[in-house]
1. List pairs: first in segment 1-27 and closer than 15 Å to K43 by Cα, second among the basic types (K, R), Cβ under 6 Å, 6+ apart or cross-chain?
2. For segment 50-57, does any single residue satisfy the condition of being among the aromatic types (F, W, Y) and more than 17 Å from the chain's Cα centre (by Cα)?
3. Are any of the residues in segment 33-49 more than 16 Å from the ligand (Cβ to nearest atom), at pLDDT 95 or above and under 16 Å from I78 (Cβ atoms)?
4. Kindly indicate whether any position in segment 76-95 is more than 16 Å from the ligand (Cβ to nearest atom), over 18 Å from I138 (Cβ atoms) and touching a Ser or Thr at 6+ places or on another chain (Cβ under 6 Å).
5. Scan segment 137-176 for residues that are in contact with a strand residue (DSSP E or B) (Cβ under 9 Å, 6 or more places away or on another chain), without any contact (Cβ under 8 Å) to a residue 40 or more places away in the chain and among the hydrophobic types (A, V, I, L, M, F, W, C) and jot them down.
Amino acid sequence: MLNTAVFVSGNGSNLQAIIDSNKLNVLLVVCNNKEAYAIERAKASNIEILILDYYNVSSLYNEIMVYEVMKEMKIELILLAGFLKKITPYLICKYPNRIINIHPSLLPKYKGLNAIERAIENNEDEIGVTVHYVNERIDDGEIIVQGVVNIKHLEQEDIYNTVHKLEHKLYLEAIDRILEEKNE
Ligand code: GRF
């Protein structure tokens, strides 16, 4: 199983889906927010947690620290699951094509924050979820899988629930593809 680090900032429902799937060896959870519920999830699964301080420490220095830890732990794959900080070229160069992100839109539409809210405001009939490789630009790398939800007749709360359910399914699908490619 691939040694994996999952980077989070909030609730961590995608982290939970990844842990529960048992497809990867999740050894480390990296978080920039010490209040994040994702930390409780990591604790419950006895996964090592690294909390980063982006207030006092630069992105680059944080990434240098994380990289040292990941090197020691022999981490092979990084999954971003609701991580709200930008990954810099430093880490991208250390993990070429081995950093994956999930974004709640049909990329290239609605890159960046509040993608679901912006799609709703624009009265979109469909919202998507995209899992993609990470490059130097936000929500921009090569797409691994994409899925669509028709939200025409859904209440706001149901939209979020439906999108999150699709996210959990698609992240696991993307992981399957990565594992298949690795074995080819
Ligand atoms: C998800 O909507 C993900 O697509 C976005 O941030 C959210 C994280 O949700 N990047 P959770 O913390 O995994 O529940």
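1. Final answer for the pair search is G12/R41; L15/R41; Q16/R41.
2. Yes, segment 50-57 contains a residue that is among the aromatic types (F, W, Y) and more than 17 Å from the chain's Cα centre (by Cα).
3. Checked segment 33-49: at least one residue is more than 16 Å from the ligand (Cβ to nearest atom), at pLDDT 95 or above and under 16 Å from I78 (Cβ atoms).
4. From segment 76-95, those more than 16 Å from the ligand (Cβ to nearest atom) are 76-77, 88-95; that's our starting set.
Filter again for over 18 Å from I138 (Cβ atoms), leaving 76-77, 94.
Of the ones still in play, those that are also touching a Ser or Thr at 6+ places or on another chain (Cβ under 6 Å) are 77.
Yes, that holds for at least one residue.
5. Scanning segment 137-176 gives I143, V145, V149, I151, L166.
The values are calculated or read from the model by the stated rules, or taken from the named source; none is laboratory data. Computed from a prediction, not measured in an experiment: that's the story for all the values here. Virtual Cβ from ideal backbone geometry, glycine too; neighbours counted across all protein chains shown.
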